[in-house]
Amino acid sequence: GRTAAPLVTFANSTPQERVLLVDFLATVDADYFQKIRASVKSCAGSRIPVTGTQVAFGGLINHASHASMDFTDTHFYVDHYSFPGGWDEKDWYIENTVLAEVGFSPLIGAALMRTSGKPFTVSEYNQPWPNPDGIAIDMATAAAAVIQDWSAVMHFNYSNNDLYTQLFPVGFNLSGDAGRIAVLGQSALLFRLAKASPVERAFKYSESDERQLSASATKQRHMPKLVKSLFGLSSDDLLNSRISLTKAAQRGSVLREKKPGMTNPVLFKTTDKSLSVNAPMLRARYGVVKNGMVGDSGLALRFSGKAPNSAILVLSASQGAALNDSQRFLLSVPGPVWRSDADGEPVLLSRYGGGWSVVEGGKLTLQPLQSYQGFSIMQRFPATAAVKLPPGSKWQVFALDYRGQRAFELVGERVAHSLSDSTIFIMLQPDDPSPWYEIIRNADL
């Protein structure tokens, strides 16, 4: 028999026809969402917030379809898996993307989906294993969320199964990946307690803009380039401002200055490929390693030999106290986590397909994404952490085990003090079994 023709197609259509079709689809979606919202609220109560779908699927037109929803939600991923022959846990690759190398553009793309004046959430985000730069994704997302005033962020996911005691990474899981888990709590601390008052930019787009930015032409990941072009802005302008979108009769940008006297705790610098966090309760440095170093005089990691492409280190005070008032600190310096081979050696990334994977003989992955038997190894490069602390004290440093309990004290040349500027230097060895360290004033032992 004959194959039925598609009901709608964009082939050979004019821009006006495409906009009319997208508007029609948005109207259908809006009607459906309104019915779902009314049904939920009739059953669960009027105070339950309801949204439609994650707006990355659909682009700007979802701001119209979701107009009556209580909040807006999106997803973003950095270096999501690619499957050459369709989903197959034994045949996949990643691009080995470094978030700072690509100008933090996934964070901008997500931020540009926020509707002006409406709560906004990111209910899925990740930079999954085995991307070694993924150890920084939670801190980078929390930093963006502070500047952008996002209402909630949700790492996807803790575990795909009920094997919560497994000590090796699996796919998107946090469970079993000590490198990512080490920074997760501090990222939550930043998100929950840090306050910011950046410049606010509400971008008004018109019908003309919609033809360039609508679902018929543009995905979320392409939004930063188009918005920068239309409004004459840089990536740093967007990352360090609070941004949102609103439909208006004329295109333009509504600019509201930040509150006087308030310093923002987060600074993205795309030229330096770095992120700095200086909140009262937390200090963090992340970025591409340059000249063997990440960070500055307040907090830095200096590599003594071979260095990774990127690195992160985070300092927080005990129980959320202010750094300047605390005598006890947690220093997280995670490395990427790899699975072991049969001989107990880490299996690193190799070229495969269109990118990188964990492969054997160039044909199949040695260890599938979702299943594995063995243990994991955290990779550490020889380095020295330089940490500026409150003056006038001597400090002791303890490596912590995976439960956060003291494993052993760093002694001798491994801890040096600079009394002139209250900085301590901590030597991190490749065989240290821990991604984090406790720093404590010795009088409190």
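The values are calculated or read from the model by the stated rules, or taken from the named source; none is laboratory data. Here the structure is a predicted model, which means the values were calculated and not measured. Glycine gets a Cβ as well: all are built from the backbone with ideal geometry, and neighbour counts include every protein chain shown. For the accessible areas, the whole protein counts, side chains as well, though only heavy atoms, and no ligand, DNA or RNA atoms are used. Shrake-Rupley method; radii C 1.70, N 1.55, O 1.52, S 1.80 Å.
Values computed for the structure shown
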read-out	value
Within segment 243-275, tally of residues that are farther than 14 Å from Gly103 by Cα and hydroxyl-bearing (Ser, Thr, Tyr)	4
Residue match in segment 390-403 (condition: closer than 19 Å to Gly176 by Cα, out of contact with any Gly (no Cβ under 8 Å at 6 or more places or on another chain) and free of Cβ contacts under 8 Å to residues at least 24 places away in the same chain)	yes
Where a residue in segment 417-441 is farther than 19 Å from Asp401 by Cβ and β-branched (Val, Ile, Thr) and its partner, wherever it lies, is surrounded by 13 or more Cβ atoms within 10 Å (Cβ to Cβ) and at pLDDT 90 or above, with Cβ under 6 Å and at least six apart	Thr423/Ala386; Thr423/Lys388; Ile424/Val387
Which listed residue, of Val359, Val333, Val347, is surrounded by 14 or more Cβ atoms within 10 Å (Cβ to Cβ) and in contact (Cβ under 8 Å) with a residue 60 or more places away in the chain	Val333
Filter pass, Arg47 being assigned to a loop (DSSP other than H, G, I, E, B), out of contact with any strand residue (DSSP E or B) (no Cβ under 8 Å at 6 or more places or on another chain) and either aromatic (Phe, Trp, Tyr) or over 15 Å from Phe120 (Cβ atoms) (or both)	yes
Strands (runs of 3 or more DSSP E) enclosed by segment 152-261 - at least 1 residues per element that are modelled with pLDDT of 80 or more, open to solvent by 40 Å² or more (accessible area, probe 1.4 Å) and within 26 Å of Pro435 (Cβ to Cβ)	152-155
Residue satisfying condition, being crowded, with 23+ Cβ neighbours inside 10 Å and either without any contact (Cβ under 8 Å) to a residue 40 or more places away in the chain or closer than 25 Å to Ile440 by Cβ (or both), within set Val289, Val266, Val277	Val277
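Rundown of residues vs (1) outside any strand (DSSP E or B); (2) modelled with pLDDT under 85; (3) buried (at least 16 other Cβ atoms within 10 Å of the Cβ), yes/no style:
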site: Ile377; (1), (2), (3): no, no, yes
site: Gly392; (1), (2), (3): yes, yes, no
site: Glu413; (1), (2), (3): yes, no, no
site: Ile424; (1), (2), (3): no, no, yes
site: Met427; (1), (2), (3): no, no, yes
site: Asp431; (1), (2), (3): yes, yes, no
